[in-house]
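Right, one structure below, let's go through it.
All of the numbers you see were taken from the coordinates with simple rules; none came from a lab. Given the structure is predicted, the values throughout are model-derived calculations rather than measurements. Here the Cβ is made from the backbone with ideal geometry for all residues, glycine too, and neighbour counts use every protein chain on show.
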Amino acid sequence: MSEREIPEQYLEGYDRILTEVAATGRRLTRDELASRRALGEQAAEAGYGLRSLVIAHLAAARGAWPARGEDAADALAAVQQAVDAFAEGYERAQRLAVRQEEAARREFIDDLLYGRSDLGRLAERAERFGLRLSHEHAVAVARGPVAYEEGDPVPRQVERALITRFGNRSILLTTKDGRLLCIAPGHQQDVLTHFAKQAHAATDGGQVAVGRPQPGPGGVVQSYEEALNALEIAERLGMDDPVLRASDLLVYPVLARDRQAMADLVHNTLGPLTEARGGAGPLLDTLTAYFDSGCVAAEAARRLSLSVRALTYRLERIHRLTGADPGDPAHRYMLQTAVIGARLLDWPHSAAA
């Protein structure tokens with residue numbers, strides 16, 4: 001915006017102040033400084049750029065500049081005071097606008113993820129943040145070693161990376177419960193992949209989960225919950241993959257859906273392991289490593305820092321206690337499902353299991 005487009009109202013009284021200061025050598029009064037700050041706030045709220053406003057002040061100063069050279073120092077000091085107060089008011093209004101925008105976005109995110117608003121109204125508010133809720137969206141959630149809030153360096157770093165790469169695509173990046181959150185159109189998986197890469201790096205190796213694309217406002221909630229569930233499953237099962245995709249983990253929610261049936265399977269299949277010396281923990285770890293390594297004894301022994309002979313002894317001990325042979329394909333599925341259930345239920349540590 002050029003200086004000619006700045007309305008005179010934002011320079012009201014400015015030339016009079018400069019003329020009086022040049023004539024008397026006084027400093028600006030408290031009321032004059034307050035008026036400059038108020039005008040700065042009004043100009044910011046009206047959407048004028050600070051650069052154009054400063055140029056307008058300098059142009060006005062040229063018009064009111066004293067004819068006598070000895071008065072120039074006082075006039076220059078007045079310009080400095082006036083522009084500084086004006087900029088202070090402008091920046092104050094800008095900070096308030098940012099806080100209000102963050103509050104509005106936070107309220108929108110809460111309403112979107114918890115369904116606390118009329119869907120029609122929610123869809124209207126979503127457009128303000130670049131989302132069209134009639135389309136499919138997918139949600140990615142990243143967690144790091146600490147909790148993050150909007151405005152923290154890590155969210156800002158990830159947001160800059162996404163804007164640099166994708167510009168003004170319909171992307172919403174925010175924080176929720178200390179985690180980073182990215183909502184993107186469902187067909188733009190490259191956005192979520194890039195978010196996952198950037199968030200993993202910015203959070204010093206944090207883990208990222210990506211929900212499946214889902215349609216409508218409820219789809220955002222569903223994709224978000226899938227991402228959260230993936231993070232929870234990864235924590236319970238000790239998965240250290242940097243990126244988890246809910247579509248790859250669908251078997252686990254299915255297994256955990258009937259908690260009582262899963263608890264019965266765990267107790268009936270693995271319960272006898274609690275009679276072993278040292279408890280069920282070491283033998284459960286043995287089964288976990290054995291199944292995770294594709295039932296390859298040498299690889300499982302390496303993961304457990306055991307000799308193959310020691311691992312074989314443990315597998316035989318499991319067979320004697322449970323009656324199920326880990327090496328027998330007929331028994332393997334039941335044992336592996338029970339092991340997964342034990343990890344999901346935190347058995348044998350959790351009494352709820």
Legend entry - Relative contact order %, segment 200-353, counting alpha carbon pairs below 8 Å whose residues are six or more apart: 21
Legend entry - Ascending count of other beta-carbon atoms within 10 Å, so fewest first, for I233, I55: I55, I233
Legend entry - Mean-position separation - Cα centroids, segment 219-238 and segment 299-353, in angstrom: 26
Inset, instruction - Let me have the relative contact order for segment 3-98, percent, based on Cα pairs under 8 Å that are six or more residues apart. - result: 46
Inset, instruction - Only residues of segment 123-151 count here: report those whose backbone N is under 11 Å from the spot 7 Å along Cα→Cβ of R106, or say none. - result: 149-151
Inset, instruction - Sum up the charges of everything whose Cβ sits under 10 Å from the Cβ of S223, counting Lys and Arg as +1 and Asp and Glu as -1, but leave S223 out. - result: -2
Legend entry - Least to most buried among D111, D204 (fewest other Cβ within 10 Å first): D204, D111
Inset, instruction - Rounded to whole Å and ordered largest first, report the semi-axes of the equivalent ellipsoid of the chain derived from its Cα gyration tensor (root of 5λ). - result: 67, 21, 16
Legend entry - Radius of gyration and maximum dimension Dmax of segment 253-345, Cα, Å: 12.7, 38
Inset, instruction - Compute the acute angle (0 to 90°) between the alpha-carbon long axis of helix 308-322 and the principal axis of greatest extent of the alpha-carbon atoms of the chain; round to the nearest 10°. - result: 70
Legend entry - Counting DSSP beta bridges with both ends in the chain, the antiparallel % (nearest 5): 85
Legend entry - At R0 = 25 Å, FRET efficiency that the Cβ-Cβ distance of F166 and A123 yields, to 0.05: 0.65
Inset, instruction - Lys and Arg at +1, Asp and Glu at -1: add these up for the other residues within a Cβ distance under 14 Å of E275 and post the number. - result: +3
Inset, instruction - Take segment 293-353, compute every pairwise Cα distance, and split them into 5 Å bins from 0; I just need the percent in each bin. - result: 4, 17, 20, 24, 24, 9, 2, 0
Legend entry - Prolate/oblate/rounded call for segment 129-249, Cα gyration tensor, a/c under 1.5 rounded: oblate
Legend entry - Folded to 0 to 90 degrees: helix 189-202 orientation relative to the chain principal axis, Cα: 90
Legend entry - Stretch gain in nm, segment R320-D152, where the contour uses 0.36 nm per residue and the Cα spacing is subtracted: 54.9 nm
Legend entry - Burial order of peptide ranges 127-138, 6-17 (average beta-carbon count within 10 Å, highest first): 127-138, 6-17
Legend entry - Length-normalised contact order for the chain - Cα pairs under 8 Å, 6+ apart - percent: 12
Inset, instruction - Any chance you could give the angle, 0 to 90 degrees and rounded to 10, that helix 72-114 forms with the longest Cα principal axis of the chain? - result: 30
Inset, instruction - Give the value in nm², to one decimal: projected area of the alpha carbon convex hull of segment 1-61, averaged over all directions. - result: 4.0
